[in-house]
Amino acid sequence: MKRITTIALFAGMFAVTVGILGFSGNSATANMISALPQSQDNVGMLGHVEYKVLDEFGNIKQYMQNDNIVVQVGKDCVARAVFDTDVDPGACPTNAEFQYIAIGNKTGGTIDDTQVTLEGNACATASVDGEMARKLVTPTFTASGSGTGTIVTLDLSSNPFTFGASNATAVIDSGIFNANTSPDGEGQCSALGTTEMFAIQQLNVGTGISVSDGDSLSVKWTITVG
C-alpha cells in the first residue's frame, strides 16, 4: 500500500512494507513421510522517505513523507552483495555502495520496479525533464536487536539541495543510487554515467513540490532490513 501525506509544518514518521518473503510447507505422498514444516522469521525491507522544504530564512514551507519502491536492480544488488563475490556481479556491475540521493523533475509519468533511472537517460535542462542533482550522504546504521531489524538512514538535512533562479522548479521524484553523476558548476546533473538505482519515489503523486529561488530541500531515506 502506498500513501502520501502532505503536512504544512510537521508530520509523524511511518514505514511501509516493501516486500516480505517467507515460506513453510510440507508434502504428503504415498509411502513417504514428510519432514516437519519449518518456520522462519520474515525478512523484508521497510521504506520511508521524508522531504522538507525551507525558505531562505530557514522557515519550513512544506513537509512530505511517503513509502518507497525498491526496484529490481536494487533487489539484485542486495542479494549479490551478500552471496556473490564476482567483480562484475550481473545486474549490479559497479558493485558500489548506495550512498547518493538524487532528485528529478520528470512530469506526467508513473513509477515501477523496472526503472533504472529517475527519468529515461537525460539530465534536466530548460526543455527536458530529467535528473536535477545528486548528493553524497554517509549512511548511519542502527544494529538489529531482539525483534528489530537493522535500520539504515541516509539524511541530507545538514547538506540539503539548494535552489536559485537557474534551477527553481517542481521537484517530482527522488532516488537512491550507487555512484555520482557528472555535476556542473552549480552541482546540477550534467551526465548520468553508469550507475544503479536502489529505490525510487514520486512526490505528491507525481505533481511534485515547488521550490523557489533561495529555497532548500532536505531528503531523508530510512530503510529497515528485517
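The values are calculated or read from the model by the stated rules, or taken from the named source; none is laboratory data. Keep in mind it's a predicted model, so treat the numbers as computed, not measured. Virtual Cβ from ideal backbone geometry, glycine too; neighbours counted across all protein chains shown.
Details
- Options V78, V49, V53; residue that is in a helix (DSSP H, G or I), modelled with pLDDT of 80 or more and surrounded by 14 or more Cβ atoms within 10 Å (Cβ to Cβ): V78
- Residue in segment 139-161 that is modelled with pLDDT under 85 and closer than 21 Å to Y63 by Cα present: no
- Residue pairs whose Cβ atoms lie under 6 Å apart, separated by 6 or more positions or on different chains, with the first residue in segment 143-168 and free of Cβ contacts under 8 Å to residues at least 60 places away in the same chain and the second buried (at least 17 other Cβ atoms within 10 Å of the Cβ) and part of a loop (DSSP other than H, G, I, E, B), are F163/V211; F163/D215; A168/V211.
- Residue match in segment 193-201 (condition: surrounded by fewer than 19 Cβ atoms within 10 Å (Cβ to Cβ), touching a strand residue (DSSP E or B) at 6+ places or on another chain (Cβ under 9 Å) and within 16 Å of G104 (Cα to Cα)): yes
- Test for Q201: is it modelled with pLDDT of 85 or more, polar (S, T, N, Q) and within 19 Å of D129 (Cβ to Cβ): yes
- Qualifying residue in segment 96-103 (condition: among the aliphatic types (A, V, I, L, M), surrounded by 14 or more Cβ atoms within 10 Å (Cβ to Cβ) and at pLDDT below 80): yes
- From Q72, Q65, residue being at pLDDT 75 or above, surrounded by fewer than 20 Cβ atoms within 10 Å (Cβ to Cβ), on the phi < 0 side of the Ramachandran plot and touching a Ser or Thr at 6+ places or on another chain (Cβ under 7 Å): Q72
- Residues of segment 203-217 classified as of a type in the set (G, A, S) and surrounded by fewer than 18 Cβ atoms within 10 Å (Cβ to Cβ), total: 4
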